[in-house]
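Enquirer: Here it is, the structure, as structure tokens.
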Amino acid sequence: MPELTSKKFVELVEKSRLVDSTMLKRFMDKVREHYDGGLPPDVETLSGLFEKQSLLTAWHIEKLLAGKYKGFFLGKYKLLGHIGTGGMSSVYLAEHTKLHDQRAIKVLPKKRVADSSYLARFQLEAKAIAALNHPNIVGAYDIDNEDDVHYIVMEYVDGLDLQALVKRDGPLDPSTAADVIAQAARGLAHAHEKGVIHRDVKPANLLLDSNHRI
């Protein structure tokens, strides 16, 4: 692939529709004014300006620098970054294009769609989550598909899972550990009352937000 120039990068941004056209023009006018009518000589500087102004995320820039400009939208949502990958799906941070609230979107890989058992399990998971309403359980808002891309729109928890937290900071103190276990137990009790059994309870599946809520 030929080396990406600043001009080509701007073209990819335009094609991606990640930045509103009016906002993009205003931003580029300021950039050209600063660079005597031109663009930064290297694309890394230009992409850094986009990120500094919160017009693009680091994930967007990584994809654009690789020459990719498609796949940033799912229905009413703009994907902002990749959160993680599990055994059956990938999870992305997304933003509603009109309301601008953030959600986590769980996507079933295309290679799994052809397997009817995987698709059925994915849809069953969405229905099970949607039936639950508890402060210690991540909520589900919608299930949809765009052609062969099937996804679940879920509550976004801005925090760390317990496995990552312990890896970063070491073991939790006894009081905190007891508290998070109790919260998880309350969430599981609610699920059991609704006839839902979680078959993969582990630290990596327990998210702790900034208010120490599971």
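Enquirer: Taking 2.2 N^0.38 Å as the expected size of a compact globular protein, what ratio does the Cα radius of gyration of the chain give against it, to two decimals? Mind dumping the intermediate values first?
Expert: Details: Rg = 20.7 Å, N = 214, 2.2 N^0.38 = 16.9 Å.
After normalising by residue count via 2.2 N^0.38 Å, the value is 1.23.
Enquirer: I want to verify the translational diffusion coefficient of segment 53-122 in µm²/s; compute it with Stokes-Einstein, Rh as the Kirkwood radius over Cα pairs, at 20 °C and 1.002 mPa s.
Expert: Details: Rh = 13.3 Å.
Translational diffusion coefficient: 161 µm²/s.
Enquirer: Send over a whole-number figure in Å² for the accessible area per residue of the chain, probe 1.4 Å. Show your work: numbers first, answer last.
Expert: On the way: 13240 Å² over 214 residues.
Result: 62 Å² of accessible area for each residue.
Enquirer: Can you give me the Cα centroid spacing of segment 77-154 and segment 34-75 in angstrom?
Expert: About 26 Å separates the Cα centre of segment 77-154 from the one of segment 34-75.
Enquirer: Accessible area of the chain with a 1.4 Å probe: how many percent of it is carbon plus sulfur? The partial results should precede the final answer.
Expert: Working: 6820 of 13240 Å².
Carbon-and-sulfur percentage of accessible area, whole number: 52.
Enquirer: Run the numbers for D36 and K127: contour at 0.36 nm per residue of separation, minus the present Cα-Cα distance, in nm. Kindly include the intermediate steps, with their values, before the conclusion.
Expert: Working: separation 91, 0.36 × 91 = 32.76 nm, distance 5.62 nm.
Taking 0.36 nm per residue and subtracting the Cα distance, the gain is 27.1 nm.
Enquirer: Expressed in nm to one decimal, what extension gain is obtained for the pair E155 and K15 from 0.36 nm per residue of sequence separation less their Cα-Cα distance? Could you put the intermediate results ahead of the total?
Expert: Values: separation 140, 0.36 × 140 = 50.40 nm, distance 2.91 nm.
Difference between extended and current length: 47.5 nm.
Enquirer: Now a separate question. Any idea what the dipole of the chain comes to, in debye rounded to 20, about its Cα centre with Lys/Arg Cβ at +1 and Asp/Glu Cβ at -1?
Expert: 420
Enquirer: Then there's this: Find the all-direction average of the projected area of the Cα convex hull for segment 119-214, expressing the result in square nanometres with one decimal place.
Expert: Values: hull surface 27.5 nm².
For segment 119-214, the mean projected area of the Cα convex hull comes to 6.9 nm².
Enquirer: Would you compute, from DSSP H runs of 4+ residues alone, the mean residue ellipticity of the chain at 222 nm, taking -39500 (n - 2.57) per run and dividing by the full residue count, rounded to the nearest 500? Before the final figure, lay out the partial values.
Expert: Details: 8 runs with 90 residues, N = 214.
Mean residue ellipticity, 222 nm, calculated: -13000 deg cm²/dmol.
Enquirer: Looking at segment 1-119 from every direction and averaging, what is the projected area of its Cα convex hull in nm²? Please report the intermediate quantities before stating the final value.
Expert: Values: hull surface 35.1 nm².
Averaged projected area of segment 1-119's Cα convex hull equals 8.8 nm².
Enquirer: For the chain, what does the relative contact order come out to in percent, with C-alpha contacts under 8 Å and a separation of six or more?
Expert: Across the chain, relative contact order equals 13 percent.
Enquirer: While we're looking at this one, here's another question. Quick one: if the Förster radius is 45 Å, what FRET efficiency do D144 and D173 give, using the C-beta to C-beta distance and rounding to 0.05? It would help to have the intermediate numbers written out before the result.
Expert: Details: r = 42 Å, r/R0 = 0.93.
After rounding to 0.05, the efficiency reads 0.60.
Enquirer: Of I83, S54, P171, which is farthest along the charge dipole of the chain in the positive direction, counting Lys and Arg as +1 and Asp and Glu as -1 at C-beta?
Expert: I83
Enquirer: Now for a separate question. Under 5 Å between amide H atoms, partner at least 5 residues away or on a different chain: which partners does L160 have, H built in plane at 1.01 Å?
Expert: So L160 has HN proximity to L208.
Enquirer: Compute the helix-to-body angle for 43-52: its Cα long axis versus the longest principal axis of the chain, expressed 0 to 90° and rounded to tens.
Expert: Between the helix axis and the principal axis of the chain, the angle is about 50 degrees.
Enquirer: Right, next: Simple spin-label model, 7 Å along Cα-to-Cβ: A185 to M88 in nm?
Expert: Spacing of the two 7 Å Cα→Cβ label points: 2.8 nm.
Enquirer: Distances over 13 Å make up what percent of all Cα-Cα pairs in segment 23-90? List each step's numbers first, then the result.
Expert: Working: 1632 of 2278 pairs.
Every Cα pair in segment 23-90 considered, those over 13 Å come to 72 percent.
Enquirer: Give me a comma-separated list of calculated 3J(HN,Hα) values for segment 150-160, in order, Karplus coefficients 6.51, -1.76, 1.60 applied at θ = phi - 60°, integers in Hz, x for any Gly or Pro.
Expert: Using θ = phi - 60°, the values come out as 9, 8, 10, 8, 10, 4, 9, 9, 7, x, 10 Hz.
Enquirer: Starting from the Cα of K52, draw a straight line to each of the lysines and keep only those under 18 Å, dropping any in the same chain fewer than 8 residues away.
Expert: K25, K30, K63
Enquirer: Which of these, S117, S16, S175, has the largest mean-square fluctuation under a Gaussian network model of the chain (Cα springs below 10 Å)?
Expert: S175
The values are calculated or read from the model by the stated rules, or taken from the named source; none is laboratory data. Just so we're clear, the structure is a prediction, and the values are computed from it rather than from any experiment. Counting neighbours? That spans all protein chains shown, and the Cβs are built from the backbone with ideal geometry, glycine included. Calculation scope for accessible area: heavy atoms of the full protein, side chains included, ligands and nucleic acids excluded. Shrake-Rupley method; radii C 1.70, N 1.55, O 1.52, S 1.80 Å.
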